[in-house]
1. Going by the structure shown, is residue 101 crowded, with 18+ Cβ neighbours inside 10 Å, modelled with pLDDT of 95 or more, under 12 Å from the mean Cα position of the chain (by Cα) and under 24 Å from residue 213 (Cα atoms)?
2. Does residue 171 fit the bill of being under 20 Å from residue 11 (Cα atoms), at pLDDT 95 or above and in contact with a strand residue (DSSP E or B) (Cβ under 6 Å, 6 or more places away or on another chain)?
3. When you look at residue 121, is it farther than 19 Å from residue 99 by Cα and touching a helix residue (DSSP H, G or I) at 6+ places or on another chain (Cβ under 7 Å), yes or no?
4. Can you tell me which residues in segment 184-231 are more than 11 Å from the chain's Cα centre (by Cα), in a strand (DSSP E or B) and within 20 Å of residue 132 (Cβ to Cβ)?
C-alpha cells in the first residue's frame, strides 16, 4: 500500500499538515444491503468522523445551492432518528474560517449520540475551506488535557466564544504532536461528512476568491434527551 500523502493546509491563522479523509460510502452500502451496521459504527468509534461520497442526490444539493445563492444576492451580506428543524447555513467569505472546537460546547446539553452532518452546497476544494478533522481526538487520552474546554459552553455570541483556538497548529503543542492526525478532503456536491460530538475539528481558511456554501444538520436517536435551546425537532 502506498503511503498517504499529506499537504499543508491553512488551519485558521496557522498551518497544519493534513492527510486524506477515509471514504466510508462502501461501508454504508454494505450496511444497507446486509442490515449489519457494525463496521460503520466501528469506523465512527475509531475515527470520530465518516466521509460519505455521493450520499445525497447531486441535483437536490445543487438546487439548494441555487436557492441559497439567490437569497444571498438579495440580502447582500438504526433506530428512529430526529433532526432539528433549524439548519445552520454557512456562507463563508474569503479569508474566513471556523475555529477549532467540538460540537459538545455548542449543543452538548443533548444526547451523547448526537451527530453533525456537514453538507457542502456545491464542490468545496481545499482552498474553499472544507472541514479539518483531528482523527481519533474523541477517544485519545492525550485530549484529556482539554477537559476544561470540553466542559465549557459557548457564550452569547454563539460562535467564537466556543472555539478552543483560531489556530489549528496550536493543538499539537497542547496534546503532543503524535496525538494529532489532521484529516481533510476536497468535497463534491452530494458528499457528507459526519462528525461525532467530541471530535475536535475546524474548517480550513477560505483562501479562494468566492464564498464557500455549506450546511450543518444535527441528528440523534428519537428517544434521547434533546438540547434545551433547540426545541423544534422532527
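1. Numbers: crowded, with 18+ Cβ neighbours inside 10 Å: yes; modelled with pLDDT of 95 or more: yes; under 12 Å from the mean Cα position of the chain (by Cα): yes; under 24 Å from residue 213 (Cα atoms): yes.
It is true that residue 101 is crowded, with 18+ Cβ neighbours inside 10 Å, modelled with pLDDT of 95 or more, under 12 Å from the mean Cα position of the chain (by Cα) and under 24 Å from residue 213 (Cα atoms).
2. So residue 171 does not fit the description; no.
3. Judged against the criteria, residue 121 is a match.
4. Passing the criteria: 187, 212, 213.
Rundown of residues vs (1) modelled with pLDDT of 90 or more; (2) buried (at least 16 other Cβ atoms within 10 Å of the Cβ); (3) touching a strand residue (DSSP E or B) at 6+ places or on another chain (Cβ under 9 Å); (4) part of a helix (DSSP H, G or I), yes/no style:
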residue	(1), (2), (3), (4)
2	no, no, no, no
5	no, no, yes, no
9	yes, yes, yes, no
18	yes, yes, yes, no
27	yes, yes, yes, yes
32	yes, no, no, yes
39	yes, no, no, yes
42	yes, no, no, yes
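The values are calculated or read from the model by the stated rules, or taken from the named source; none is laboratory data. Since the model is a prediction, treat every value here as computed from it, not as a measurement. Because the Cβ atoms are built from the backbone with ideal geometry, glycine has one as well, and the counts that use them run over all protein chains shown.
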